[in-house]
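The values are calculated or read from the model by the stated rules, or taken from the named source; none is laboratory data. Computed from a prediction, not measured in an experiment: that's the story for all the values here. Backbone-built Cβ (ideal geometry, glycine too); neighbour counts: all protein chains shown.
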Amino acid sequence: MEIFDINEKQIKLILHPILDNFNISHKINISENIYDDTNIDNWICNKSTTIGGSIILNHLIKNPINNKELLIQRQQNSFEILNYNLNNLKENEKNILWILNLKKEIDDNSSIKLLFPYLYYLNHLNNYRSFLDFYHFYKIFFVPISYFIYPISIIVAPFYLIKQKFNLNISFSNYFKIFYQIIKMSIKPSGNYKKDLIKII
């Protein structure tokens, strides 16, 4: 069963950069028309069980070399995979490639950043369950509550300052009326849009 569907284009984007990192010495330059005329691409697809195998085989054939020692070394390198292991690899190949593509998926997915700390100095803390529990608790409860408390504190804090620091005997209802009048005056239009904008800010 496939974990995540990954298309042929994504597979090539994952595997080709890996192969391109290997510098091929003693390379022979051959025209692409030769490969087209021989229809070798279809032959390569039929010779390999896995997509990755086809890409590696295609890479070797389309990058011929004239280094005798290296060619002999390639011929001597052999390994055997049992049929059931090969079939298992074929069935799970896209899942493995999806895992290789997982970092890019996470980087592009902003919802992951909401669930887990993504800053480089907090990344290692994702390995600790107790920290993640606290982090999620903070995100679920404290952040929404702070959004609710912050606007209220803008109104209540000056009232507390007036009552405690300046010892003015004023009720909250009178304070709120004054506060309301100040807001009302600050947004009252004068006809000068530039002046009104500066006043509102």
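At a glance:
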{"item": "Residues being out of contact with any Lys or Arg (no Cβ under 9 Å at 6 or more places or on another chain) and assigned to a loop (DSSP other than H, G, I, E, B) - total across segment 139-187", "result": "5"}
{"item": "Selected residue (only one of Asn29, Asn67 is among the polar types (S, T, N, Q), farther than 22 Å from Trp98 by Cα, at pLDDT 75 or above and surrounded by fewer than 13 Cβ atoms within 10 Å (Cβ to Cβ))", "result": "Asn29"}
{"item": "Enumeration of residues in segment 86-138 that are surrounded by 11 or more Cβ atoms within 10 Å (Cβ to Cβ), in a loop (DSSP other than H, G, I, E, B) and modelled with pLDDT under 75", "result": "Asn101, Asn109, Phe116, Pro117, Tyr118, Leu122"}
